[in-house]
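**Student:** Got a structure for you, questions after.
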Amino acid sequence: MKKILRQSRIQYLVNNRNGYLTLAALSIISNILIIFYLFYSKGYERTIVTPPTIAKSFWVSANEVSSDYLSEMALFFVYLRFSMTPENATLQRNVILQYVEPRQYQTIKSALISETEHMNKEHITTSFYLVDSPKADAKKMMARVIGDLHSVVGETQLAPQRVIYQVNFSYNAGRLLVKSFEEVKENV
């Protein structure tokens, strides 16, 4: 009888042990699956942003941005660079330089400094007026802005000039940076 009772207790303990081992194994497997899911889904979330001063809503994720975001940022940079006076040119140049890609910083900084010096020397005031909605390509990370550039040299108003500016961007770690800023020569 004692032998049967002991055998029964051993069987009971073995069954409990096997049950707990199965539970522990399932817990480990589920933790591993959760880890794989977290690594796989990293960077696929999108944040919808609708600030009150921007015309359209846009989204940004860890690895990419929407075309609307590129359009809005291109407009921001174009207005900063081409709607200025000799008095605010240095301030606006410094704002633009905060958003320049490090590899292009010296090149763009030199160009902006020479523009600022030219504006101060010749007493040039410029203003940019948007003609058409910016065209952005999120895959190429670029946006084109078409507008009329009005310039005043001293007291003389010059004829408006239709221009197209292309802003090329890079996007890294949630930060949009300017790679280049150039005028595109096309028939507008």
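Where a number appears in this text, it was derived from the coordinates with a stated rule and is not lab data. It should be emphasised that the depicted structure is a prediction, and the values quoted were computed from it without experimental measurement. FYI the Cβ positions are ideal-geometry reconstructions off the backbone, even for glycines, and counts take in every protein chain you see.
**Student:** If you take the Cα atoms of the chain, find Rg, then find the Kirkwood Rh from the mean of 1/r over all pairs, what is Rg/Rh?
**Tutor:** Checking Rg against Rh, the ratio lands at 1.45.
**Student:** From Cα pairs below 8 angstrom and at least 6 apart in sequence, can you work out the relative contact order of segment 121-188, rounded to a whole percent?
**Tutor:** Normalised by residue count, the contact order of segment 121-188 is 25 percent.
**Student:** Going through the cross-link list K135/K179; K135/K185; K121/K179; K140/K179; K109/K139, which pairs have a Cα-Cα distance over 20 Å in this structure?
**Tutor:** The answer is K121/K179; K109/K139.
**Student:** Turning to a different aspect of this structure: Once you put a point 7 Å from the Cα of F36 and another 7 Å from the Cα of W59, both along the Cβ direction, what distance in nm separates them?
**Tutor:** A separation of 2.6 nm, rounded to one decimal place.
**Student:** Still on this model: Which distance in Å, rounded to a whole number, links the C-alpha centroids of segment 114-188 and segment 57-108?
**Tutor:** If you average the Cα positions of each part, the centres end up 10 Å apart.
**Student:** Sticking with this structure for a sec: Suppose each label sits 7 Å from its Cα in the direction of the beta carbon; what would the E155-V14 distance come out to in nanometres?
**Tutor:** 10.9
**Student:** Give me the percent relative contact order of the chain, please, defined on Cα pairs under 8 angstrom at least 6 residues apart.
**Tutor:** Relative contact order for the chain comes out at 16 percent.
**Student:** Which longest uninterrupted range of the chain lacks any trypsin sites (Lys or Arg not before Pro) assigned by DSSP to a loop state (not H, G, I, E or B) and surrounded by at most 15 other Cβ atoms within 10 Å?
**Tutor:** Here the longest run is 57-138.
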